[in-house]
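Trainee: This is the structure, below, for whatever I ask next.
The values are calculated or read from the model by the stated rules, or taken from the named source; none is laboratory data. Here the structure is a predicted model, which is why all the values come from computation and not from measurement. Note that we place each Cβ from the backbone using ideal geometry, even for glycine, and neighbour counts take in every protein chain shown.
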Amino acid sequence: MQFDQKISALQKQIQGYSREELLWFNGYLSGLLANNQIATTAQLESIAPTIQLNPVVLYGSETGNSKKLAFELLKLFKQNNIQARCFDLATYKVKQLAKEEFVLFICSTQGEGEAPVSAQRFFGELEHEALDLSTLSYSVLGLGDSSYPLFCKAAEDLQILLNKHGGVLSIASQKLDVDYKTAAHQWFKEVINHVLNKSVTPIHNAVENRQELNTQPKEISTRTKRSYKGIIGHSIILNDRESNKKTYHIELESDEELDYSPGDAVGIYPKNKHEVCAEIATLFKATDRAFELEKLTITGLSGNTLKKLEDILTIEVTDKRIDLIDLLNLYPANKQVTFDQLLTVLVPMSPRLYSISSSALTNSHQVTITVALAEFESNGVNKSGVCSSFLSSLSVGQDIEFYIHPNSEFYLPNADTDIVMVGPGTGIAPFRSFLQHRDLRGDSGRNWLFFGEQHFVCDFYYQTEIQQWLESGVLTKLDTAFSRDQKYKIYVQDRLRQQSKQLWQWIESGAILYVCGQKSPMSQDVENALVEIIRENTQSSEEQAVAYLDTMFLNGQYKKDVY
């Protein structure tokens, strides 16, 4: 057959092919040329072209871990020549799900089994929208803490909602504990293999020839949580008497050797005050059973618990995060409800985490925490935080049970790497641990600390130690911000701005930037200052500066431990 006739026959043959089929056919011909192969008609007919999956990664993040994993997965997709997109659940439109083919959800759980705050709109719409997701395949990676009673509940709820709308689970969902990296990377590998096996491959089969998929980013920790029994070895208030605050330095001691690293936290299971438990039990004529409320959540009730209480008490509650005793006193309730019925509604109290403020190199049988007593007014009554009041009430020698909570995202870098630490208030805790550790190891990396509180005279936590580190050279630079020592309030973010040029030099030279303390408003104010510093030193737009800081976070140069 002449060449022109062959071209004519080929044109007739491919007439009506879809774009995807033409792309496949083009790849097939390229494969023949590359391998100098000739296929028979039978071979051609036996090869059925498929359309490549284009995955979508959706994340719901409270502290940034889910976001970081989402972008790790996106990077792996790119490395394996897979087109993928990534979105925050905070901005993703629920109705768009019906147009997707393959979606991977990475979602953490916070509070009492609730979705991250930024993802709650998405969850609400997914629950109430009328959607047909029968053409959607998906998988869910849940992040949580098995110490909490409702472990990975948000991920479970997400899967239930997706199934309700007809979504098809194509890869087994996973629930990951605090030390999640190894399991997450295994899930990544399953996902990559699934996508590659569902996609078009060249004639030299890419899946078979690929010796090892690039799915193993560097792992930081493989430690797990471990509980210890100990005693209160020491407890003092760090503030002077003139202070408006009560911040405790508490030392926990154990006969066992404690396994922890700088950046980790201590988990404490608190107990409710006996007098509050007794008051609630008495309302249900069960005074002698007050002890049964000691480890249940009766303060700051979540939306889920409030709904259940509304049902059994036949009341309508307009308050949010109200305490149980206030609810019972403020709202006329169904008097027929028994104490046992009440207990079925209440959930076990979640542990509270406190950043460790010591290095195990100083004493492997001791760990210290820095605890601010939370005091506030609610419904005209002076109250205090459940765990902070529990800890502050313990005397030296009293028993306490605790566990070590590994934090693989907030750790010291190599010994010669510079670090910048921003830790106002109790946010100083992990940085005391960092400085102790680097001092005892003789690390060569420079250390720069930003600390802030209300007053220099009465609120400078660990002042003597910090000044000694400064004099010895362990602490290279110190900037403090005592907000109420002058007419105009000064905060750590103001000190960051004042040090803009030198701070930028440290960042450019590879220094790791750490922020610890209150999530709102402190960490957001600090982040805004960092964006300004990046803009100023790079002559970039705000959008570019935000993207730069985001890249620092994803690459591990900017780390946050905020609460």
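Trainee: Just to check your reading of the model, which residue among Y269, Y248, Y180 is closer than 30 Å to F77 by Cβ and either touching a helix residue (DSSP H, G or I) at 6+ places or on another chain (Cβ under 9 Å) or at pLDDT 95 or above (or both)?
Mentor: Result: Y180 is the single residue among Y269, Y248, Y180 that is closer than 30 Å to F77 by Cβ and either touching a helix residue (DSSP H, G or I) at 6+ places or on another chain (Cβ under 9 Å) or at pLDDT 95 or above (or both).
Trainee: Out of all the residues in the stretch 275-289, which are more than 13 Å from I325 (Cβ to Cβ) and surrounded by 12 or more Cβ atoms within 10 Å (Cβ to Cβ)?
Mentor: A286, T287, R289
Trainee: Among the residues of the stretch 82-98, which ones are without any contact (Cβ under 8 Å) to a residue 60 or more places away in the chain and of a type in the set (V, I, T)?
Mentor: Hits for the stretch 82-98 are T91, V94.
Trainee: Name the single residue that is surrounded by the most Cβ atoms within 10 Å (Cβ to Cβ) among those in the stretch 517-526 being under 17 Å from the mean Cα position of the chain (by Cα) and not small (G, A, S).
Mentor: Q518
Trainee: Applying the selection to the stretch 401-415, what residues are in contact with a strand residue (DSSP E or B) (Cβ under 6 Å, 6 or more places away or on another chain) and farther than 17 Å from D561 by Cβ?
Mentor: Result: E401, F402, Y403.
Residues checked against (1) in a loop (DSSP other than H, G, I, E, B); (2) over 29 Å from the mean Cα position of the chain (by Cα):
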site	(1), (2)
E256	yes, yes
D259	yes, no
G267	no, no
L301	yes, no
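Trainee: Here's another thing I want to ask about it. Considering every residue within the stretch 136-148, establish whether at least one is of a type in the set (A, V, I, L, M) and more than 20 Å from K68 (Cβ to Cβ).
Mentor: Yes: the stretch 136-148 contains one or more residues that are of a type in the set (A, V, I, L, M) and more than 20 Å from K68 (Cβ to Cβ).
Trainee: When the residues of the stretch 97-122 are narrowed to those that are of a type outside the set (A, V, I, L, M) and under 21 Å from I171 (Cα atoms), which ends up surrounded by the most Cβ atoms within 10 Å (Cβ to Cβ)?
Mentor: C107
Trainee: Continuing with this model, one more query. For the condition surrounded by fewer than 17 Cβ atoms within 10 Å (Cβ to Cβ), within 30 Å of C458 (Cα to Cα) and charged (D, E, K, R), what is the one hit in E242, E294, E310?
Mentor: None of the others qualify; the one that does is E242.
Trainee: Then there's this: Out of the stretch 198-245, which residues are at pLDDT 50 or above, outside any strand (DSSP E or B) and either closer than 30 Å to P413 by Cα or not assigned by TED's automatic domain parsing to the domain that holds A84 (or both)?
Mentor: T224, K225, L238, N239, D240, R241, E242, S243, N244, K245
Trainee: Let me ask another. Quick one: V195 ticks every box in (1) under 30 Å from S350 (Cβ atoms); (2) surrounded by 14 or more Cβ atoms within 10 Å (Cβ to Cβ); (3) at pLDDT 85 or above; (4) of a type in the set (V, I, T) except a single one, so which number is it?
Mentor: If we test V195 against (1) under 30 Å from S350 (Cβ atoms); (2) surrounded by 14 or more Cβ atoms within 10 Å (Cβ to Cβ); (3) at pLDDT 85 or above; (4) of a type in the set (V, I, T), just (1) comes out false.
Trainee: Touching a residue at least 12 places away in the same chain (Cβ under 8 Å), closer than 30 Å to Y331 by Cα and surrounded by 21 or more Cβ atoms within 10 Å (Cβ to Cβ): which single residue out of S357, S378, S388 fits that description?
Mentor: S388
Trainee: Within the bounds of the stretch 533-552, is there any residue that is surrounded by fewer than 21 Cβ atoms within 10 Å (Cβ to Cβ) and touching a strand residue (DSSP E or B) at 6+ places or on another chain (Cβ under 6 Å)?
Mentor: Taking every residue of the stretch 533-552 in turn, at least one turns out to be surrounded by fewer than 21 Cβ atoms within 10 Å (Cβ to Cβ) and touching a strand residue (DSSP E or B) at 6+ places or on another chain (Cβ under 6 Å).
Trainee: Going through the stretch 159-192 one residue at a time, which ones are surrounded by 18 or more Cβ atoms within 10 Å (Cβ to Cβ), under 17 Å from the mean Cα position of the chain (by Cα) and either closer than 22 Å to A119 by Cα or not assigned by TED's automatic domain parsing to the domain that holds V94 (or both)?
Mentor: Q174, K175, L176, V178, Y180, A184
Trainee: Tell me which strands (runs of 3 or more DSSP E) are completely within the stretch 429-532 and hold 1 or more residues being over 30 Å from N363 (Cβ atoms) and aromatic (F, W, Y), or say none if there are none.
Mentor: 477-482
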